[in-house]
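The values are calculated or read from the model by the stated rules, or taken from the named source; none is laboratory data. Here the structure is a predicted model, which means the values were calculated and not measured. Neighbour counts run over all protein chains shown; Cβ positions are idealised from the backbone, glycine included.
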């Protein structure tokens with residue numbers, strides 16, 4: 001079950017982590033630049049929130065694939081057991097996801113498909129990941145508060 005869960009997390013988090021995997025996060029501030037200046041207004045919480053991820057670059061996708069499963073598992077956690085409906089696999093519930101990713105997936109969401117594929121078995125996660133290398137977008141179908149939703153991130157050539 002752990003391998004299955006890990007494979008699903010890989011598929012779920014692949015595209016949303018590609019920007020982080022490729023160093024798209026803002027550079028760390030130096031101690032000098034991080035210190036507030038007396039004349040400057042205090043930093044608001046909104047300034048600390050990373051920008052929303054709206055697309056991925058093809059190079060990000062390829063670099064994300066190269067990073068491997070271990071990296072992804074540091075940023076997304078799902079429940080140990082899948083969500084079942086009518087005694088059939090439905091999806092996996094997200095326990096935690098890094099805010100650094102800037103995507104509209106939240107704890108409590110149930111991810112049901114990645115690029116049209118149900119990710120019940122490890123080989124399905126692998127197949128979904130391979131489709132991203134040439135796909136025009138990453139599409140994650142999920143349920144939030146009982147309502148279906150879709151996260152779609154276009155993959156642009158660079």
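Report yes if residue 113 is closer than 20 Å to residue 149 by Cβ, at pLDDT 90 or above and exposed (fewer than 15 other Cβ atoms within 10 Å of the Cβ), otherwise no. Steps first, please.
Values: closer than 20 Å to residue 149 by Cβ: yes; at pLDDT 90 or above: yes; exposed (fewer than 15 other Cβ atoms within 10 Å of the Cβ): no.
For residue 113, the condition - closer than 20 Å to residue 149 by Cβ, at pLDDT 90 or above and exposed (fewer than 15 other Cβ atoms within 10 Å of the Cβ) - is not met.
Restricting attention to segment 48-55, does a residue exist that is outside any loop (DSSP other than H, G, I, E, B), within 16 Å of the chain's Cα centre (by Cα) and modelled with pLDDT of 85 or more?
So far as segment 48-55 goes, no, none of its residues is outside any loop (DSSP other than H, G, I, E, B), within 16 Å of the chain's Cα centre (by Cα) and modelled with pLDDT of 85 or more.
Output the residues belonging to segment 145-158 that are surrounded by 10 or more Cβ atoms within 10 Å (Cβ to Cβ) and either out of contact with any strand residue (DSSP E or B) (no Cβ under 8 Å at 6 or more places or on another chain) or more than 20 Å from residue 102 (Cβ to Cβ) (or both).
Residue satisfying the conditions is 148 alone.
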